[in-house]
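Undergrad: The structure that follows is given in the form of structure tokens.
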Amino acid sequence: MKKIFTPAKKKTTILIVDDDQFATHIYQEKLGAQGFKVEVTRDFDSTLQALKKEAVNLVILDLCLPGINVVELIKNIRSESAMQSLPIIAFSNPYLNNLTRAAVEAGATKFVAKVDNTPEQIIELMRQLGVSATSRVGASGVVGAVEANQEKLASKLLINRSEILAKLRASYQNFTRTEREDLRRVALLQMHRQLRSLAGGASAPVSQKIAQMSTALEALLIELYTEPAKITPSVVRTIAHSIETLASLFDHAANSQDQVTTSPKILAVDDEVISREMVCSALGKAGLHAKSLDDPLAAQRLLEQERFDLIFLDIEMPGQTGLELCAKIRGMESNCATPIVFVTSHSDFGSRAQSTLSGGNDFIAKPFLLVELVVKALTWLFKEGSQLLPTASVHHGIPAAAGGDKSQLVSGHGAPELHRRSPAR
């Protein structure tokens, strides 16, 4: 009997556009196990070349790729008649709504938050878009191999983190030592790339806190890169403290498993309704809920009865100033050690530094960026054993890191110096 030759079906091809080594490795393993062919590119030109080289059934791309205008990339893809209906899934950052909106308008089919979705969820989304594997690889032994490879790569990234952290700190210092916009943007781009390298391993079940912090900090760096005019002394300070908090989180992740924590209790006290709403809106994007009050006296009564994990406190309020309320809070057993972040104005940022640290831990200048406030909140919520910043720690109008370590004091451009160790807390 004559045999009939049946050519093998061509595998469904997925193109992933991402520089995250850990994430792309996981997707290659998981999608490959499902029978997909996976290609990976990391820049604008190589992506367009890959799409012209062979037929691709679906594109998965990260909107936050450093130094790449991903929105323009989507427009370029859609400009080709053969790719106008090509499904494109965009990994978005929950704090960058304008970027996500622009991507959808450019032609992205779906967008999902990268930090909140697993490969299994993306595979289900692909099925909903009509993209499935032509054949499936035998499952026997695949799952164990994938998990082993993930652990191996995560360990490698963890070993390299000290080197990456050192580079991140160096880029931060370059950022603070220049007033030139072009050089600041270069430093911001470097920090963005190093942050992604540092946080790559956090895609594994290493630390949810690291993923939360790095996602918010990434959004802040992108916003400042896009609009350098938004760089203020307050923002510079926030970046410095967030980098050190990340370093501390990695230290804890290397030695222990992430612990399940309850939802933190946050209080915002401000007599300006718009300011209160901005605080609550910003925290809401991070999945945090804040109780807000406009009356400092009512806040005082509440704080005498309930313990909070973080307090945002406006300085200028009628009836009782934020400084006066802070002094009373420090005398309360329930909230004597609760981190307090003062809210002040940009024009008063330097002159307020010393007075606000009489009992507070930190301060943020308004009008503030929403994502800056999120980074600030996560920084204090993720610190352990937070201490008050003593008045003696102030140098050139900007306070030192928590605990008054003068090796962390301000450089010539008003930014905290970063060192290999985390600040004392």
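Undergrad: Just to verify a result, which residue in region 183-207, among those that are modelled with pLDDT under 85 and polar (S, T, N, Q), is surrounded by the most Cβ atoms within 10 Å (Cβ to Cβ)?
TA: Ser207
Undergrad: Same structure again: Read through the list (1) open to solvent by 20 Å² or more (accessible area, probe 1.4 Å); (2) modelled with pLDDT of 95 or more; (3) more than 19 Å from Lys376 (Cβ to Cβ), then give the number of the only condition that Ile222 fails.
TA: (3)
Undergrad: Moving on. Within region 365-382, how many residues turn out to be modelled with pLDDT of 90 or more and either over 11 Å from Met278 (Cα atoms) or among the β-branched types (Val, Ile, Thr) (or both)?
TA: Here the count works out to 11.
Undergrad: Shifting gears a bit: Take the residues of region 70-92 that are at pLDDT below 95 and part of a loop (DSSP other than H, G, I, E, B): which is farthest from Ile122 (Cα to Cα)?
TA: The residue in question is Glu80.
Undergrad: Can you tell me which residues in region 1-58 are among the acidic types (Asp, Glu), crowded, with 18+ Cβ neighbours inside 10 Å and modelled with pLDDT under 90?
TA: Listed by number, the list holds a single entry, Asp20.
Undergrad: Checking the conditions here, which among Thr47, Thr24 is hydroxyl-bearing (Ser, Thr, Tyr) and over 20 Å from the mean Cα position of the chain (by Cα)?
TA: Exactly one of Thr47, Thr24 is hydroxyl-bearing (Ser, Thr, Tyr) and over 20 Å from the mean Cα position of the chain (by Cα), namely Thr47.
Undergrad: So, one more: Residues in region 280-304 that are open to solvent by 20 Å² or more (accessible area, probe 1.4 Å), assigned to a helix (DSSP H, G or I) and over 21 Å from Cys336 (Cα atoms): how many?
TA: 4
The values are calculated or read from the model by the stated rules, or taken from the named source; none is laboratory data. Keep in mind that this is a model prediction, so the values were computed, not measured. Glycine gets a Cβ as well: all are built from the backbone with ideal geometry, and neighbour counts include every protein chain shown. With ligands, DNA and RNA removed, areas are computed over all heavy atoms of the protein, side chains included. Shrake-Rupley method; radii C 1.70, N 1.55, O 1.52, S 1.80 Å.
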